[in-house]
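Note sheet for the following structure.
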Amino acid sequence: MKANVMLHLILKDWRLQRRTIILTVLAGAAALTILVIGGQTPIVIGTVLFFVSMILCACLLPMQNIVNEIKKQTLPFVMSLPVSSARYAAAKLVSTVGMFLILWLTLLCVALYMVLGRHTLPNGVIPMAMILMGFPLIGFCLITGTALVGESEGWATAAMVVVNSSYGLVWYLLASHVPSITQTWGGPVAVWNPAVFKILGVEFAAIMVILGLTIYLQSRKRSFV
Amino acid sequence: MSDYAIELNGVCKSYRFFDLQNVALRLEHGTIMGLIGPNGAGKSTTIRILMGLVHQDRGDVNVLGYRMPEEQIIAKWDIGFASEDMRLYESMTLGWHINFVKSIYSRWDDAYAQLLLKHFGLRAEQKIKGLSHGQRVKASLLLVFARRPKLLVLDEPTTGLDPVARHEILRELTAVMVEEGRSVLFSSHNTQDVEQISDQITFIDRGRIIDSMDKEIYLDRWRRMRLEVPDGVALPSLPGVIGIQQTGRLAVAIANAFESHLPNAYENSGARVRAVENMTLEEIFVANVEHSREEVKA
């Protein structure tokens, strides 16, 4: 008699957002195919487009999957189902993060294939690429958490502005302050030195803290809808 | 099982500019209660509290025997909730919504859903964005009714509807009640709708329940007496009379606990009773709210 409502909510979100996921995966894949052409200009254009598609998706998904549910007043419909606000938030987090991870992992695999399989770029770029791909993931988690806890377009937009403005700064700091990574990224071999692991660890910890804080703040809410 | 479908005791909720104060409410199984109040009276807050969507600061809330908000998940299996501000996914069809809700509720009544589609003039393949406001409300109610819930909680479902759509919805709501044991809490500021279908009436104003009673008793107890008051006659203050408005020699006395001896008491004081009239629910509502606000001021 008791269906798994959380699972139904997650599947519902995926059905509603599948167009966004497919379009972004296609855009990311198209950006990577530009890299195959080779030469400096296609590599720059392809890399920029690759990150743009990921950053775009990091903004679009929380807005469409979380903010729109509040803005377009479909939230009361969902909350009329046998689900608590805490379980709703958990389902929303799983569905949104899950959707982004599908895109993120797909693009990561394609990028690795480009480097390892097709040798479009030198292997030394892999650690740097992993670190750089972590930033949109952190940004996405921050926008998602803010959208869910803030329950407003204003808060989500503010988070987007902060996140998107900080990409350039973070990349600059990385390039100028961590020479052990930037000096080896043009080489034929991927160098996994302690600095790489430290940054990847910090990125992972930041994601865990953001998601944990989101669940904690959501569970403390006393008014929902 | 609890004696009541809904039971609220001493429920308080404070916001910056609004307080829900000491709300006590009881809805017996198998009855329809109309919750009437002006805009901002606290109807939606009360309903959100009993649905577990807003947590009360103090007080006990029991719905179908389950404590809210703690046991809201299990309670919601048997509650059908629809509110005026509830919207469906615009890019999807009504059929998609039906399949979604059906996949969750094993008690979903397909035959009844088809019947409702016909009664409401809806088509499953239609996208929600192509529906009028009235059709969207009907679609939301279809998704609620076909779950066959034990308790229906409807927050201003008829707001903004044309008379025909309102009539169709109220007719269906009455039909839904044919099933034994089903209870309905129906909030509205439209007294006509509430008068048409409710067994019990509860008035709420400025965060306080000001009265709650059987509808027939309400209509029976409230009377308006039109009086002619000769010069030099002072109208007595009588128990059961909550207000007198006098303009020159004519006065109107409103009684909220009318007794047959009241007109005689006015006659004995020297006034002439020209008419004793029944009041509509809307008139009772307005008089009740005004009386309650005067009491609070005093």
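A short reminder: the numbers here are calculations on the coordinates, not readings from a lab. Everything numeric in this text was worked out from a predicted model, so none of it was measured. FYI the Cβ positions are ideal-geometry reconstructions off the backbone, even for glycines, and counts take in every protein chain you see.
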Normalised alpha carbon radius of gyration of the stretch A:1-89 [divisor 2.2 N^0.38 Å] = 1.49
Hydrodynamic radius (Kirkwood) for the stretch B:66-180, which is based on Cα pairs only, to one decimal in Å = 14.5
Cα-projected label distance for B:D162 with A:L101, points at 7 Å along beta-carbon direction, nm = 5.0
What the Cα atoms of the protein assembly as shown span along the principal axes, largest first and in whole Å, is 112, 51, 42
State to the nearest 20 debye the size of the charge dipole of the protein assembly as shown about its Cα centre, where the only charges are +1 on K and R beta carbons and -1 on D and E beta carbons.
-> 1800
What residue among B:T247, B:V233, B:H261 has its Cα farthest toward the positive end of the dipole of the stretch B:223-278, where the charges are +1 on Lys, Arg and -1 on Asp, Glu, each on the Cβ?
-> B:T247
For the stretch B:142-184, the fraction of alpha-carbon pairs in successive 10 Å shells from zero, as % = 26, 57, 17, 0
Pop a pseudo-label 7 angstrom from the Cα along the beta-carbon direction at both B:H261 and B:Q246 and give the gap in nm to one decimal.
-> 2.3
Work out Dmax and Rg for the stretch B:168-211 from the C-alpha atoms and quote the Rg first, both in angstrom.
-> 11.9, 35
Gain upon complete extension [B:D109, B:V276; 0.36 nm per residue less C-alpha separation] | 55.2 nm
When DSSP beta bridges are limited to those with both residues in chain B, what percentage is antiparallel, rounded to the nearest 5?
-> 65
Let me have the 222 nm mean residue ellipticity of chain A computed from DSSP H runs of 4+ only, each contributing -39500 (n - 2.57), with the sum over all residues rounded to the nearest 500.
-> -26500 deg cm²/dmol
On a C-alpha basis, how far is the centre of the stretch B:177-244 from the centre of the stretch B:41-71 in Å? Whole number, if you could?
-> 25
Taking the convex hull of Cα positions in the stretch A:122-180, its mean projected area over all directions (nm²) = 4.4
Toy charge model, Lys and Arg Cβ at +1, Asp and Glu Cβ at -1: the stretch B:1-68 dipole around Cα centroid in debye, rounded to 20, equals 260
For chain B, just the Cα atoms, rotate onto the principal axes and tell me the three extents in Å, largest first.
-> 75, 41, 36
Given a Förster distance of 22 Å, the FRET efficiency implied by the Cβ-Cβ spacing of B:R58 and A:A86, rounded to the nearest 0.05, works out to 0.55
If we count chymotrypsin sites (Phe, Trp or Tyr not before Pro) as exposed when they sit in a DSSP loop and have at most 14 other beta carbons within 10 Å, what is the longest stretch of chain B that avoids them all?
-> B:19-298
Simple spin-label estimate for A:L7 and B:E228 in nanometres, 7 Å along Cα-Cβ = 8.0
The equivalent-ellipsoid semi-axes of the stretch B:223-278, taken as the square roots of five times the Cα gyration tensor eigenvalues and listed largest first in whole Å, are 16, 11, 10
Mind listing the Cα extents of the stretch A:5-219 along all three principal axes, in Å, largest one first?
-> 57, 32, 27
Cα point-scatterer Debye curve for the stretch A:91-225, base-10 log of I(q)/I(0) at q = 0.15, 0.20, 0.21 Å⁻¹ | -0.82, -1.22, -1.29
Binned Cα-Cα distances of the stretch B:1-97, short to long, each 5 Å bin given as a whole percent = 3, 11, 21, 22, 19, 11, 8, 4, 1
Theoretical gain in end-to-end length, A:R18 to A:K198 [0.36 nm per residue, Cα-Cα removed] | 61.3 nm
